[in-house]
Structures are given as C-alpha cells and as structure tokens.
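In what follows, a single structure is set out as structure tokens and then discussed.
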Amino acid sequence: MNISTLKQTAKAMIAPGKGILAADESAGTIKKRLEKINVQSNPDTNLVYRKMLFTTPGIEEFISGVILYDETIRQSISTEQGKSNKIPVPQYLTDKGILPGIKVDQGKAEMVNSPGEHITKGLDGLRDRLVEYRNMGAKFAKWRAVIAIGADIPTDASIKANAKALAEYASFCQEQDIVPIVEPEVLMDGKHDLQKCQEVTTKTLKMVFDELKNHEVILEGMLLKPNMVISGKESSVQASSKEIAQATIETFLRVVPREVPGIVFLSGGQTPDEATENLKEINLIGGPWQLSFSYGRALQEETLKAWAGKEENVAAAQRTFLERCKKVSVARSAR
Ligand code: 13P
C-alpha cells in the first residue's frame, strides 16, 4: 500500500470545482433507464449512450472521475467517425484528465430473517478483481450498501453487516492503491421525516466508521459517499434545502472524522435541480471536508431525455449534460 498515492488520488477526485459522474449502472438498472426512452439495452447501445457522456467536450472542467461498470471498463471507443482504431474507455478518460473508477460490489441480496433488508455482495474474489481493474487503469472503486427505513427496519444487525463489508472492501482497495468510495446509502423511499433520516444516517455512519477503524482503513485515502439527510419521498412534510443542509452538516460533524478528505454525495432520487440546490446550501454552511458530488441520476436524467436514443440529438444532449455538470460544479463551489 502506498499511502501517498492514495492521498493524491483522493485529492484529485475532490479537486476544486470538480466531482464524480456515477455511470456505473448495473445491467439491470441501465436497462430500466434506457427502456424509458424506448432504447433496448445491450452492451452496444449502453456504450453508445455512455460514449456520448464521456466524449462531451469540456466536462473535464467539472468532472474529476467517472465510476464505470464492469461491462464498460472492458469496452473501447473510437473518437473520430469512421476511424477503426479504438481506445479502451479507461485510457480515453485518463487522456482527457478524468480518473477512471470501477463499481466492485455485485449488487445486493436479501438478508436472511429480515424482510426488506439487504446485504451487499462481492467480497468473494475481490482481491483478484481489484488487481485486474488496477491493471486496466482504475484509480478508485465504489461499493454501495443500502439501508432502508421502514416499520421495524433498519435493524442494528443489518447496518453492522453492511458496515463490516464496506470496511473489508475498503481495506482490499487500499492494499492495491485504489481509493475506496465508501457508500452507505440510507434510502429516500418511505414516509419518514427528516429527523428519522438523521437518526438512521447517524447510526449508520457511526457503525461504518467504527468498522473502518477496526479494519485500519486509512481515512485520508478514502472518500465517503453518503445520502443527504432528507425527508422520505412519500413524507407529507418535505424539508427545505436549508433544513436539509443544516441537518446534513450537523449529522456529519457528529460522526465523520475530519481526516476524511471529502464527502461526495449521491443524488438518490432527487431531481437534478434539488440535488444541485441542496449541494449549494450544504456548501454554504461548509465543514472540515470537501463537500462534493458523485451523482448518477441527477447528472444524467435530462441528458437521457434530450438524447432519446437518436443520433441527431447527440450534440444537444451533450450541451444539456455539460450544462448540468457546470451547475452542480457551481453549487459545489458555493463557498
Ligand atoms: P444516484 O446519484 O443516482 O443516487 O447514483 C449514485 C450512485 O452511484 C448510486 O450508487
């Protein structure tokens, strides 16, 4: 493990004004996204879409890194029409000044004896996969754990099991000089209020940092990718951006050590405008960490619609994408 490499990569991922594009939708998730615009998903159409994102001129000003899916990191793109010579996706991104990253979890499985709760899979064979990804150019990785809020959930047992898996994943990554993005996501689904989200997020992050400590994970060489503290999607009372920012920073000051260089939020089902506004308010309050983004849906939603699977829409869709990247970058730099 080379601590200075880890620190340098983490620093580059949260460079001023920049954040991360999560383009690591699993085969099942990208299928759903493309179906909405009547495009049939397969490795080729998935690449046509993702190539449009990656080749958008100017995104490197706002995007420090892209999280890829296993399918994509193995693909190649030609950047000039009609040219047959192809560049591997991680190489293309690197040449553009963008760090390639890789989702290494393998989705979730139902917890035994706890309906509605899940444990993330993917520790088996992880070390070998990380070596392969590193050789393909990956500089960072992501592992997502999901914590749902419901009548009797989350249970301590499920939070603990997920926290432990996150910490094991993080130490495997650091062993290979790959910066782990540690993503414990408390889901927005449900009728719960902001206070409930705060309570569950606090407990989850506390358990995650306890496990990271147990596994001797170098905090300076990782990034945290959490949910914002926000009202449940079906709650009758929706907190304002200022309330979300207040509760989010209050929570993190309690449980996130200042050695963690950056917090890169997920968007989790917020609209692009909400995710942008909330990030701005969070930055206006500020904290001892860089407060940036690692958005999937909030960066891509409008672009998908503008593209609608049609070649003639590519230029307009890329303008839409660049515009959203810029807005989120401005929000991230609000202070
Ligand atoms: P969203 O921003 O769409 O939540 O995606 C981020 C992500 O990487 C989820 O794992």
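The values are calculated or read from the model by the stated rules, or taken from the named source; none is laboratory data. Small disclaimer: the values here were computed from a predicted structure and weren't measured. Glycine also receives a Cβ, built like all others from the backbone with ideal geometry; neighbour counts cover every protein chain displayed. Heavy atoms of the whole protein, side chains included, go into the accessibility calculation; ligands, DNA and RNA do not. Shrake-Rupley method; radii C 1.70, N 1.55, O 1.52, S 1.80 Å.
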Tally of residues being surrounded by fewer than 16 Cβ atoms within 10 Å (Cβ to Cβ) and either assigned to a helix (DSSP H, G or I) or among the acidic types (Asp, Glu) (or both) across region 298-313: 3
Tally the residues that are among the basic types (Lys, Arg) and in contact with a helix residue (DSSP H, G or I) (Cβ under 6 Å, 6 or more places away or on another chain), restricting the search to region 82-115. 1
Boolean, residue 30 is more than 23 Å from residue 310 (Cβ to Cβ) and either within 15 Å of the ligand (Cβ to nearest atom) or in contact with a Phe, Trp or Tyr (Cβ under 8 Å, 6 or more places away or on another chain) (or both): no
For region 287-297 the number of residues that are away from the ligand (no atom under 16 Å from the Cβ), under 18 Å from the mean Cα position of the chain (by Cα) and part of a loop (DSSP other than H, G, I, E, B) is 1
Which pairs do you get when a residue that is part of a helix (DSSP H, G or I), found in region 202-213, comes within reach of a residue that is among the polar types (S, T, N, Q), reach meaning Cβ atoms under 6 angstrom, with the pair 6+ apart or on two chains? 202/251
Please work out which one of (1) away from the ligand (no atom under 16 Å from the Cβ); (2) of a type outside the set (Phe, Trp, Tyr); (3) buried (at least 24 other Cβ atoms within 10 Å of the Cβ) is the condition residue 142 fails and give its number. (1)
Could you identify the single residue in 158, 114, 171 that is in contact (Cβ under 8 Å) with a residue 40 or more places away in the chain, among the polar types (S, T, N, Q) and assigned to a loop (DSSP other than H, G, I, E, B)? 114
Any residue in region 16-38 that is among the polar types (S, T, N, Q), buried (at least 17 other Cβ atoms within 10 Å of the Cβ) and without any contact (Cβ under 8 Å) to a residue 40 or more places away in the chain? no
Looking at 249, 244, 178, 159, which one is within 16 Å of the ligand (Cβ to nearest atom) and either modelled with pLDDT of 95 or more or more than 20 Å from the chain's Cα centre (by Cα) (or both)? 244
Given (1) touching a Phe, Trp or Tyr at 6+ places or on another chain (Cβ under 6 Å); (2) β-branched (Val, Ile, Thr); (3) away from the ligand (no atom under 12 Å from the Cβ), identify the lone condition not met by residue 328. (3)
Among the numbered conditions (1) open to solvent by 60 Å² or more (accessible area, probe 1.4 Å); (2) in a loop (DSSP other than H, G, I, E, B), tell me where residue 44 comes up short. (2)
Being basic (Lys, Arg), farther than 27 Å from residue 8 by Cβ and open to solvent by 10 Å² or more (accessible area, probe 1.4 Å), is that true of even one residue in region 158-173? yes
Go through region 252-286 and give me each residue that's charged (D, E, K, R) and part of a loop (DSSP other than H, G, I, E, B). 258, 259
Given the conditions (1) open to solvent by less than 40 Å² (accessible area, probe 1.4 Å); (2) among the β-branched types (Val, Ile, Thr); (3) part of a helix (DSSP H, G or I), report the number of the one that residue 320 does not fulfil. (1)
Among the residues of region 264-279, are any modelled with pLDDT of 95 or more, aromatic (Phe, Trp, Tyr) and within 16 Å of the ligand (Cβ to nearest atom)? yes
